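The values are calculated or read from the model by the stated rules, or taken from the named source; none is laboratory data. Since this is a predicted model, take the numbers as computed values, not measurements. Here the Cβ is made from the backbone with ideal geometry for all residues, glycine too, and neighbour counts use every protein chain on show. For accessibility, only protein heavy atoms count, side chains too; no ligands or nucleic acids. Shrake-Rupley method; radii C 1.70, N 1.55, O 1.52, S 1.80 Å.
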Amino acid sequence: MIEVVAKLGRGPVFLAGEVLECVITFTNPLSASSTSASSEMLAWASAQIHCQFHASENRVALPPSDGSKHDVQAENETVFVPNRGERGQCILSTPPKILFCDLRLDPGESKSYSYCETLPVDGPPSFRGQSVKYVYKLTIGCQRVNSPIKLLRVPFRVLVLHGRATHCPPCAGGLGCTCPADALTSFPGLKDYQFPQDEAVAPSNPFLEEEEGLKKDSRLADLATELLMVATSRRSLHLYNISNTRGKVGTFCIFKTVYKIGEDVIGTFNFSEGDIPCLQFSVSLQTEESIQEEFQRRRGQPVSFTVHARHQESCLHTAQSSFSLPIPLSSTPGFTTNIVSLKWRLHFEFVTSGESAGTCLVRGSQSEAVTWTGVEQMEVDTFSWDLPIKVLPTNPILASYVSQFSSTNSITI
């Protein structure tokens with residue numbers, strides 16, 4: 001028996017373009033003093049990252065795959081197929097890397113191997129929606145001699161930095177493909193950013209190329225985090241008049257419309273300048289998941305909405321009010337592929353009186369102690385309003401604190 005433990009040192013959340021580092025440890029748990037102790041052998045072990053795409057058959061119509069090009073080797077249990085047994089299509093994968101060949105472990109002995117891979121910048125983000133799912137996993141395959149391959153899957157989350165990713169539907173061969181991403185609309189030039197050269201002359205050693213590459217990828221992630229901070233820290237006063245067909249209800253003020261996941265969306269209302277009394281308002285933080293027209297199962301298919309936070313308040317005779325809605329760290333920032341689009345918005349609902357403010361209260365008695373009570377019936381009007389906002393990724397270390405994925409996964413062979 002051999003225990004295989006895979007550990008993501010920094011956590012299970014990464015930015016696209018970062019280097020994923022995983023330490024895989026193989027251990028023979030038997031004690032050297034045990035009478036039944038014996039050495040264990042593994043023929044080989046390999047690791048590979050892949051992104052699995054799954055679409056709801058009721059909402060998404062994908063082109064049929066061509067079964068004539070069926071991969072016979074995929075059914076062979078001695079062939080390393082990272083996504084074997086999983087639903088959907090593998091739309092993105094990195095080249096497999098061999099960890100070792102012919103590993104022998106004596107009782108109580110363990111050996112560790114480090115796996116490093118740069119996450120592609122042109123893939124979709126991790127997303128579990130009502131119509132589609134994009135799931136990233138690191139799969140480690142191990143095999144004993146003359147035995148089937150055992151797979152250890154390590155799920156992790158990817159946050160995409162650019163504004164648009166492109167993903168082709170399954171092609172005629174039955175597999176998915178990932179096309180080059182469009183221009184980095186949110187962060188122009190990030191992908192081709194030229195880092196300043198160090199003052200020290202780097203040694204011309206070809207064996208140091210990988211180490212220098214890892215350093216550059218780390219600096220790329222730091223730059224992306226800095227650009228995210230700059231993009232979401234800009235403040236500018238945005239004022240909106242709230243009105244219906246009968247007149248002005250009030251004004252709404254918000255200081256920015258670009259946020260990172262984990263931030264709070266804060267806004268204020270001013271009803272003192274309104275002509276129409278507002279009895280109640282509610283604000284919902286929502287995501288809008290829409291399928292591109294060519295992939296919709298039905299023409300005019302409705303958009304799917306998800307509410308992440310909501311604030312409701314009664315505001316009769318209230319001059320000013322405010323709300324604060326947190327953007328969950330576990331939520332997905334806005335993105336667009338050629339199949340699905342995810343956008344964020346604030347959805348407002350207002351309930352206004354059909355009468356003037358003075359008639360909304362009646363005097364309860366004629367005694368010296370005056371009691372005011374609400375009217376039993378009142379004519380009301382309702383209307384809604386949507387304000388689009390932009391939600392970007394955040395530092396992946398912060399998102400790791402609330403991730404549903406574990407940094408450590410294990411399997412026994």
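Around Pro155, what is the net charge, scoring Lys/Arg as +1 and Asp/Glu as -1 over all other residues with Cβ under 13 Å from its Cβ? Mind dumping the intermediate values first?
Values: positive: Arg128, Lys133, Lys137, Arg153, Arg157; negative: Glu86.
Charge balance in the 13 Å sphere: +4.
Ranked from the most accessible area to the least, with a 1.4 Å probe and all protein chains present, what is the order of Lys97, Lys343, Lys260? Walk me through the numbers on the way to the answer.
Working: Lys97 75, Lys343 120, Lys260 25 Å².
Highest to lowest solvent-accessible surface, that is Lys343, Lys97, Lys260.
Val19 accessible area, nearest 10 Å², 1.4 Å probe?
Val19 exposes around 30 Å² with every protein chain in place.
Compute, for Trp385, the solvent-accessible surface of its heavy atoms (probe 1.4 Å) with the complete set of protein chains present, and express it in square angstrom to the nearest 10.
70
Sorting His347, His317 by accessible area (1.4 Å probe), largest first, what list results? Mind dumping the intermediate values first?
Details: His347 25, His317 120 Å².
So the residues, ranked largest to smallest area, are His317, His347.
Here is the link list: Lys260/Lys343; Lys7/Lys150; Lys137/Lys390; Lys248/Lys390. Which ones come out longer than 23 Å on Cα distance? Let's see the in-between values first.
Working: Lys260/Lys343 13 Å; Lys7/Lys150 18 Å; Lys137/Lys390 27 Å; Lys248/Lys390 27 Å.
Pairs exceeding the cut-off: Lys137/Lys390; Lys248/Lys390.
Rounded to the nearest 10 Å², what accessible area does Phe255 show when all protein chains are kept and the probe is 1.4 Å?
Rounded to the nearest 10, that gives 100 Å².
What does the charge count near Ser56 come to, summing +1 for each Lys or Arg and -1 for each Asp or Glu among other residues with Cβ under 13 Å from its Cβ?
On the way: positive: Arg59, Arg87, Arg128, Lys133, Arg297, Arg298; negative: Glu57, Glu289.
In short, +4.
May I ask you to rank Glu109, Glu18 by accessible area, largest first, using a 1.4 Å probe over the protein chains only? Walk me through the numbers before you get to the answer.
Values: Glu109 55, Glu18 20 Å².
Output order, biggest surface exposure first: Glu109, Glu18.
What is the sum of charges around Leu325, taking Lys and Arg as +1, Asp and Glu as -1, for the other residues whose C-beta is under 12 Å from the C-beta of Leu325? Intermediate results must be reported in sequence, preceding the final value.
On the way: positive: Arg310, Arg345; negative: Glu263, Asp264.
Counting the neighbours of Leu325, the net charge comes to 0.
Counting only protein heavy atoms and using a 1.4 Å probe, what share of the accessible area of the range 271-345 belongs to carbon plus sulfur, as a whole percent? Intermediate values should be presented prior to the final figure.
Working: 1510 of 3580 Å².
For the range 271-345, the apolar C and S fraction of the accessible surface comes to 42 percent.
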